[in-house]
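Enquirer: Got a structure for you, questions after.
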Amino acid sequence: MSAIVSMNDLSKSYQLGEEQQTVLKSIQLEVQQGDFVTILGPSGSGKSTLMNMIGCLDTPSSGDYTVGGKNTADMSEKELAALRNKEIGFVFQQFQLLPRLSILENVELPLIYSGLSKKVRRNLAADLLGKVGLADKLSHKPNQLSGGQQQRVAIARALVTAPSLLLADEPTGALDQQTGKQIMTLFTQLHQEGKTIVMITHDEKIARYGSRIIHLLDGEIREERGQGV
Ligand code: ADP
Ligand code: MG
């Protein structure tokens with residue numbers, strides 16, 4: 001098995017005026033290919049900071065972060081941007097779709113600079129929208145869809161570059177319980193198909209969908225349940 005994500009003694013601090021606040025403390029974390037890891041913690045425990053670190057949107061204050069076998073400290077900004085664009089699919093609580101574009105165009109967007117022809121890009125985007133159950137809505141604008149449907153579009157968009165890692169921060173946080181469950185059914189299906197998923201949540205019930213649950217409290221990993229993959 002190969003580790004996609006490997007954090008070794010990683011810490012993150014912010015300077016707030018005179019004070020230094022350590023938000024992530026000596027994190028040891030390995031995510032293997034095919035894992036569905038959920039990171040569970042209350043508000044303020046450092047979940048989003050950890051997600052930003054895993055997604056290479058932020059850099060550690062100390063320690064090492066290796067992703068896809070490469071130490072991020074040795075990567076140029078250009079290499080990091082390429083990694084973010086191609087290898088990591090992001091899903092957020094507030095979908096973050098572009099309101100003026102159709103959902104097909106939203107899903108196609110990460111492929112704009114891929115070198116693929118428009119026809120191929122459109123076909124890939126349409127296939128993924130079919131997979132998430134929205135084949136009949138390709139020309140709709142995001143605001144013509146329900147919250148759950150918009151999150152499905154965001155998931156299709158995250159998958160369109162065939163990333164090695166799907167990274168989701170509170171993907172059900174803006175949805176009612178029933179719709180949240182449907183999104184988790186989709187994640188479970190993606191996991192069964194072999195996708196590697198890291199999902200952050202404050203909701204214990206939602207965390208249970210993962211094959212590994214990691215508890216984050218006060219910036220520290222406190223407990224891990226499950227065997228992974
Ligand atoms: P969670 O997502 O679990 O709610 P966050 O990672 O957003 O937690 O925040 C953890 C802690 O780090 C909070 O105390 C927050 O105020 C602090 N924090 C997050 N981002 C910054 C920042 N850019 N500057 C200073 N403090 C921050
Ligand atoms: Mg958060």
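The values are calculated or read from the model by the stated rules, or taken from the named source; none is laboratory data. Owing to the predicted nature of the structure, the values given are computational and were not obtained by experimental measurement. Ideal geometry is used to build each Cβ from the backbone, glycine not excepted, and the neighbour counts take in all protein chains shown. All accessible areas refer to the heavy atoms of the entire protein, side chains included, with ligands and DNA or RNA removed. Shrake-Rupley method; radii C 1.70, N 1.55, O 1.52, S 1.80 Å.
Enquirer: Under 15 Å Cα to Cα from Lys78, which aspartates and glutamates show up? Leave out anything in the same chain fewer than 8 places away.
Expert: Counting by Cα, and skipping residues close in sequence, Lys78 has these aspartates and glutamates nearby: Asp58, Glu87.
Enquirer: For the range 176-229 and the range 15-50, compute the distance between their C-alpha centroids and round to whole Å.
Expert: Centre-to-centre (Cα) distance: 15 Å.
Enquirer: Taking θ = phi - 60°, what integer Hz values does the Karplus form 6.51 cos²θ - 1.76 cosθ + 1.60 yield along the range 106-116, in sequence order, with x for Gly and Pro?
Expert: After applying 6.51 cos²θ - 1.76 cosθ + 1.60, I find 4, 6, 6, 3, x, 9, 3, 9, 7, x, 6 Hz.
Enquirer: Taking Cα atoms, how many degrees apart are the long axis of helix 77-86 and the longest axis of the chain, rounded to 10 and kept between 0 and 90?
Expert: With rounding to tens, the tilt is 50 degrees.
Enquirer: Taking a probe of 1.4 angstrom, what is the accessible area of Arg208 in Å², to the nearest 10?
Expert: 150
Enquirer: Can you give me the % of accessible surface on the range 3-225 that is carbon or sulfur? Probe 1.4 Å, all protein chains present, nothing else counted. Could you put the intermediate results ahead of the total?
Expert: Details: 5040 of 10750 Å².
About 47 percent, which is the carbon plus sulfur part of the accessible surface.
Enquirer: Taking only protein heavy atoms and a 1.4 Å probe, what accessible area per residue, in Å², does the range 3-225 have with all protein chains in place? Provide the component values of the computation, followed by the final result.
Expert: Numbers: 10750 Å² over 223 residues.
Counting only protein heavy atoms, the per-residue value for the range 3-225 is 48 Å².
Enquirer: Between Leu217 and residues 5 or more places away or on another chain, which pairs have amide H atoms under 5 Å apart, with H built 1.01 Å from N, and which residues are they?
Expert: For Leu217, whose amide H was placed from the backbone, the distant partners under 5 Å are Arg222.
Enquirer: Can you give me the distance in nm between label points at Asp64 and Ser13, each placed 7 Å from the Cα along the Cα-to-Cβ direction?
Expert: 2.2
Enquirer: Same structure, new question: Considering every Cα-Cα pair within the chain, what fraction, in whole percent, is farther apart than 30 Å?
Expert: Counting every Cα pair in the chain, those more than 30 Å apart make up 24 percent.
Enquirer: Given a cut-off of under 8 Å on Cα pairs at least six residues apart, what relative contact order in percent is computed for the range 3-225? Write out the running numbers ahead of the final one.
Expert: Working: 426 pairs, mean separation 68.6, N = 223.
The normalised contact order for the range 3-225 reaches 31 percent.
Enquirer: What fraction of the DSSP beta bridges in the range 3-225 is antiparallel, stated in percent and rounded to the nearest 5?
Expert: Details: 22 of 39 bridges.
The answer is about 55 percent antiparallel.
Enquirer: By how many degrees, between 0 and 90 and to the nearest 10, does the Cα long axis of helix 147-159 differ from the longest principal axis of the chain?
Expert: 80
Enquirer: Suppose a student asked you for the relative contact order of the range 1-121, using Cα pairs under 8 Å spaced at least 6 residues apart; what percent would you report? Walk me through the numbers before you get to the answer.
Expert: Numbers: 132 pairs, mean separation 29.0, N = 121.
Reported as a whole number, the value is 24 percent.
Enquirer: With respect to the cross-link table entries Lys70/Lys205; Lys86/Lys118; Lys25/Lys181; Lys47/Lys86, which display a Cα-Cα separation exceeding 26 Å?
Expert: Values: Lys70/Lys205 34 Å; Lys86/Lys118 18 Å; Lys25/Lys181 32 Å; Lys47/Lys86 23 Å.
Long pairs (Cα-Cα over 26 Å): Lys70/Lys205; Lys25/Lys181.
Enquirer: What ³J(HN,Hα) values, in whole Hz, does the Karplus curve 6.51 cos²θ - 1.76 cosθ + 1.60 give for the range 91-99 when θ = phi - 60°, with x put for Gly and Pro?
Expert: 10, 10, 4, 9, 5, 6, 8, 8, x
Enquirer: Report, to the nearest 10°, how far helix 118-131 tilts away from the longest principal axis of the Cα atoms in the chain, using its own Cα long axis and a range of 0 to 90°.
Expert: Roughly 80 degrees, rounded to the nearest 10.
Enquirer: Continuing with this model, one more query. Hey, rough spin-label estimate for Asp218 and Asp136, points 7 angstrom out along Cα→Cβ, what's it come to in nanometres?
Expert: 5.3
Enquirer: Please enumerate, by chain and number, the aspartates and glutamates with C-alpha under 15 Å from the C-alpha of Lys141, excluding those fewer than 8 residues away in the same chain.
Expert: Glu105, Glu108
Enquirer: From the Cα gyration tensor of the range 79-136, with a ≥ b ≥ c the square roots of its eigenvalues, which class applies: rounded if a/c is under 1.5, or else prolate if a/b is larger than b/c, or else oblate? Each step should come with its number before you reach the end.
Expert: Details: a/c = 1.74, a/b = 1.18, b/c = 1.47.
Verdict is oblate for the range 79-136.
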